[in-house]
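Asker: Quick one: the structure is below, questions incoming.
Values in this text are rule-based calculations from the coordinates and carry no lab data. Just so it is clear, the model here is predicted, and its values are computed rather than measured. When we count neighbours, we look across all protein chains shown, and the Cβ atoms used for this are built from the backbone with ideal geometry, even at glycine.
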Amino acid sequence: MHATHDVIVIGAGFAGLYMLHKLRSYGFDAHILERAPSIGGTWYWNKYPGARCDTESLQYSYQFSEELQQEWEWTEKYARQPEILNYLNHVADRFQLHAHIKLNFDVKNIIYKNELWEISGKNEEKFHANFCIMATGCLSQPLNAKIAGIEDFEGECYQSSLWPEKEIDFTKKTIAVLGTGSSGMQIIPEVAKSAKKLYVLQRTPNYSVPAHNRSLDPDFVQEFKKNYKKNRADAKKLVSGFLTTYNKKSALEVTKQELKEEYDKRWAAGGLAFLAAFSDITHNLDANKTATKYIEDKIDEIVKNKKISEELKPRSIVGCKRLVIESNYYDTFNKGNVELINLKKNPISWIKRKGIDIEGIGEIDIDMIILATGFDAMTGALNNINIIGKNNINLKDKWINGPETYLGLATNGFPNFFTITGPGSPSVLTNMIPTIEQHVDWIAGCIRYIKTKSYHSIEANRDAEIEWGKYNDKCAHDTLRYYCDSWYLGSNVTGKKRVFYPFVGGLPVYIEKCEKIVNNSYEGFTLE
Ligand code: NA7
């Protein structure tokens with residue numbers, strides 16, 4: 001049997017790597033178990049063509065080390081997947097993390113036994129630890145799209161979130177892409193460059209604004225880095241944790257001219273800051289309609305074929321699903337080799353050996369299918385592991401009616417067990433990296449407190465998690481995000497409980513609550 005470790009961390013993405021570093025810097029015996037053959041988490045698996053972050057690289061990076069953030073040179077406004085993976089490898093090298101990471105270890109069971117966590121995979125090997133920390137990511141459990149006949153397809157078939165290492169050649173091929181979320185909208189322009197024919201199989205169109213990606217201007221970088229500390233501190237005071245300008249005006253109180261000028265400015269700048277154009281876009285339907293109209297008019301301007309541009313308009317609530325940041329997506333539909341199929345009007349009947357049978361269209365021959373069909377978000381990776389807490393409670397069973405957590409950090413019945421950016425934390429609604437760092441610092445501080453005060457366990461109280469859940473639910477009802485189908489609500493997964501999974505009350509409120517808990521000797525937790 002292995003020795004008992006202080007901490008086992010599951011997952012070697014952004015969260016796991018910093019957690020490992022932080023715990024080791026406090027002198028704890030900590031190790032990571034990672035199922036992939038490489039570190040990187042999401043940025044290892046999602047290596048599909050066009051994969052790029054939708055958060056600006058100077059902000060989508062660690063701030064725990066001033067030297068690190070000064071020395072690393074991002075090349076583009078939005079970093080591509082290989083660059084982010086290089087960055088994470090640089091971090092692991094720089095802080096000597098590799099020796100404490102076990103790759104290719106697919107955790108299957110995490111069981112609380114004799115006041116220790118026992119962690120095992122497919123074979124006999126077991127790890128024991130006082131603390132177990134889940135750094136398994138929010139968008140890491142690929143959704144297995146159940147499409148009739150797909151197992152009979154004899155051509156090439158790839159999933160964006162499990163993209164193979166080898167180079168995939170699109171030339172001279174007829175290709176179908178399923179899914180028009182962020183992943184699909186990044187893949188489609190890339191595939192269209194060389195495919196003989198590309199069918200975009202769209203079930204629901206999404207709102208998108210331009211990325212206007214570009215090489216970073218060295219003067220801008222120098223200036224940003226000079227003020228890195230202040231920039232980071234300022235970002236933390238904003239609901240999303242992104243440093244950007246929030247307009248305090250309502251979209252409903254400005255003149256038509258002012259409305260247009262603000263949206264023009266945001267469109268020209270590109271990026272998620274479009275949603276900060278007015279104070280009420282995410283909360284007031286009439287305000288939101290001014291933004292949807294603006295984007296839908298832009299689709300009309302870009303896409304030459306009127307019928308196609310109509311099909312590309314979501315006619316929904318912008319920001320309700322994750323706003324997509326696109327590079328040449330709409331323009332791709334002006335290419336002669338690209339055809340849009342609206343699956344709401346013409347659903348897939350069956351995938352055949354060599355093609356796809358579509359209602360109202362018939363069978364189309366296909367060489368390659370690309371599935372960009374999304375994730376079982378927030379809880380998928382956790383529920384995929386058999387996690388058994390005190391009194392034989394299975395986490396999956398406990399969460400059958402939606403996750404119950406205290407701050408997305410811990411859950412009653414599971415002592416010494418933490419989730420980084422778990423359900424009920426701001427996570428995906430904020431800039432993930434600072435949010436991860438805030439969680440890691442909090443968890444590491446908590447473990448250090450437990451050890452120095454000679455406690456042996458900490459567990460979230462049932463009443464504290466119920467209260468937090470109610471508060472999150474109330475905050476969610478106050479936003480427009482609650483009122484359309486999205487993975488935030490779990491509605492992309494058949495049978496998944498419809499609740500709002502991330503905490504929507506904003507980063508400053510959340511940080512304040514976390515700090516208050518510490519200052520009040522971990523109120524809401526039982527320490528033994
Ligand atoms: P998303 O945003 O969940 O998008 C998945 C897309 O796949 C979406 O358009 C779905 O349509 C579509 N989908 C899912 N299942 C099917 C089937 N069976 N048939 C046809 N179309 C289907 O995932 P992404 O990977 O693009 O992005 C996830 C996040 O990563 C993103 O929000 C960023 O935060 C980064 P639907 O809308 O369900 O009708």
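Asker: Enumerate the aspartates and glutamates that LYS249 could reach by cross-link, defined here as Cα to Cα under 18 Å, with residues fewer than 8 away along the same chain left out.
Answerer: Here the aspartates and glutamates satisfying the reach criterion relative to LYS249 are GLU258, GLU261, GLU262, ASP264, ASP280, ASP286.
Asker: Just to check I understand the Karplus step: with θ = phi - 60° and J = 6.51 cos²θ - 1.76 cosθ + 1.60, what whole-Hz values come out for the stretch 428-439, glycine and proline as x?
Answerer: Per-residue couplings from phi come out as 5, 8, 9, 5, 4, 6, x, 5, 4, 4, 4, 5 Hz.
Asker: Further question on the same structure: Using only helices, what value at 222 nm comes out for the chain when you add -39,500 (n - 2.57) per DSSP H run of length 4 or more and divide by the total residues, to the nearest 500 deg cm²/dmol? List each step's numbers first, then the result.
Answerer: Numbers: 16 runs with 167 residues, N = 528.
Dividing the helical sum by the residues of the chain leaves -9500 deg cm²/dmol.
Asker: Sort SER309, SER521 by Cβ crowding within 10 Å, fewest neighbours at the top.
Answerer: Working: SER309 20, SER521 10.
Ascending number of Cβ neighbours within 10 Å: SER521, SER309.
Asker: Quick one: pull the percentage of alpha-carbon pairs in the chain with a separation above 33 Å.
Answerer: Working: 57907 of 139128 pairs.
Every Cα pair in the chain considered, those over 33 Å come to 42 percent.
Asker: How far, in nm, would the chain grow between ASP234 and GLU151 when pulled straight, counting 0.36 nm per residue and subtracting the alpha carbon separation? Mind showing how you got there, number by number?
Answerer: Numbers: separation 83, 0.36 × 83 = 29.88 nm, distance 5.04 nm.
My answer for the length gained is 24.8 nm.
Asker: Let me ask something else about it. Non-local amide H neighbours of GLU363 (under 5 Å, H modeled in plane, Pro and chain starts lacking H): which ones?
Answerer: ILE358
Asker: Still on this structure, I have one more. Please sort by residue number the GluC sites (Glu not before Pro) in the stretch 332-389 whose DSSP state is loop and whose Cβ has at most 14 other Cβ atoms within 10 Å. Please report the intermediate quantities before stating the final value.
Answerer: Working: sites: GLU339, GLU359, GLU363; in loops: GLU359.
Hits after loop and neighbour filter: GLU359.
Asker: Continuing with the same structure: At 20 °C and a viscosity of 1.002 mPa s, what translational diffusion coefficient does Stokes-Einstein give for the stretch 352-402, taking Rh as the Kirkwood radius over Cα pairs? Give it in µm²/s as a whole number. Working shown, then result.
Answerer: Details: Rh = 14.7 Å.
Estimated diffusion coefficient is 146 µm²/s.
Asker: Oh, and also: With a 10 Å Cβ neighbour count serving as the proxy for reagent exposure, in which order, fewest first, do ARG94, ARG24, ARG266 appear? Can you show the working numbers first?
Answerer: Values: ARG94 14, ARG24 19, ARG266 23.
Least to most surrounded, the residues fall as ARG94, ARG24, ARG266.
Asker: Given H placed on each backbone N at 1.01 Å, which residues far from THR419 in sequence or on other chains put an amide H within less than 5 Å of it?
Answerer: MET134, ALA410
Asker: Sticking with this one: How big is the gap, in Å, between the Cα center of the stretch 1-32 and the Cα center of the stretch 232-286?
Answerer: 39
Asker: Going by how many other Cβ atoms sit within 10 Å of their own, how do MET19, MET432 line up, fewest first? Intermediate results must be reported in sequence, preceding the final value.
Answerer: Values: MET19 29, MET432 23.
Neighbour counts put them in this order, fewest first: MET432, MET19.
Asker: Pop a pseudo-label 7 angstrom from the Cα along the beta-carbon direction at both GLU363 and HIS456 and give the gap in nm to one decimal.
Answerer: Between GLU363 and HIS456, the label points sit 6.7 nm apart.
Asker: Lone cysteines in the chain, defined as no other cysteine's Cβ under 4.7 Å from theirs: which are they?
Answerer: That list is CYS53, CYS132, CYS138, CYS157, CYS446, CYS475, CYS514.
Asker: Return the long-range amide H neighbours of GLU326 (sequence gap of 5 or more, or a different chain), with a cut-off of under 5 Å between placed amide H atoms.
Answerer: VAL209, ALA211
Asker: Related question: Please give the residues of the stretch 370-412, grouped as numeric ranges, whose backbone N is less than 18 Å from a label point set 7 Å along the Cα-to-Cβ vector of LYS474.
Answerer: 405-408
Asker: Calculate how many DSSP beta bridges within the chain are antiparallel, expressed in % of all such bridges and rounded to the nearest 5.
Answerer: Antiparallel: roughly 40 percent of the beta bridges in the chain.
Asker: Still on this structure: Along the stretch 279-284, what does the Karplus equation 6.51 cos²θ - 1.76 cosθ + 1.60 (θ = phi - 60°) give for ³J(HN,Hα), rounded to whole Hz, x for Gly and Pro?
Answerer: Running phi through 6.51 cos²θ - 1.76 cosθ + 1.60 with θ = phi - 60° gives 5, 10, 4, 8, 10, 10 Hz.
Asker: Could you give each residue of the stretch 335-345 its phi-based ³J(HN,Hα) in whole Hz, using Karplus coefficients 6.51, -1.76, 1.60 with θ = phi - 60°, and x for Gly or Pro?
Answerer: So the Karplus estimates, Gly and Pro as x, are 7, x, 8, 10, 10, 9, 10, 8, 5, 6, 8 Hz.
Asker: Over 23 Å between Cα atoms: which of LYS77/LYS197; LYS307/LYS354; LYS307/LYS344; LYS172/LYS354; LYS146/LYS289 fall into that group? Mind showing how you got there, number by number?
Answerer: Numbers: LYS77/LYS197 31 Å; LYS307/LYS354 29 Å; LYS307/LYS344 15 Å; LYS172/LYS354 16 Å; LYS146/LYS289 34 Å.
The pairs that break the limit, which is 23 Å between Cα atoms, are LYS77/LYS197; LYS307/LYS354; LYS146/LYS289.
Asker: Ordered by packing density, taken as the mean number of other Cβ atoms within 10 Å over each peptide's residues, highest first, how do 223-232, 100-109 rank? Present the calculation step by step, with values, prior to reporting the outcome.
Answerer: Working: 223-232: 13.8, 100-109: 16.2.
With the highest mean Cβ count within 10 Å placed first, the list reads 100-109, 223-232.
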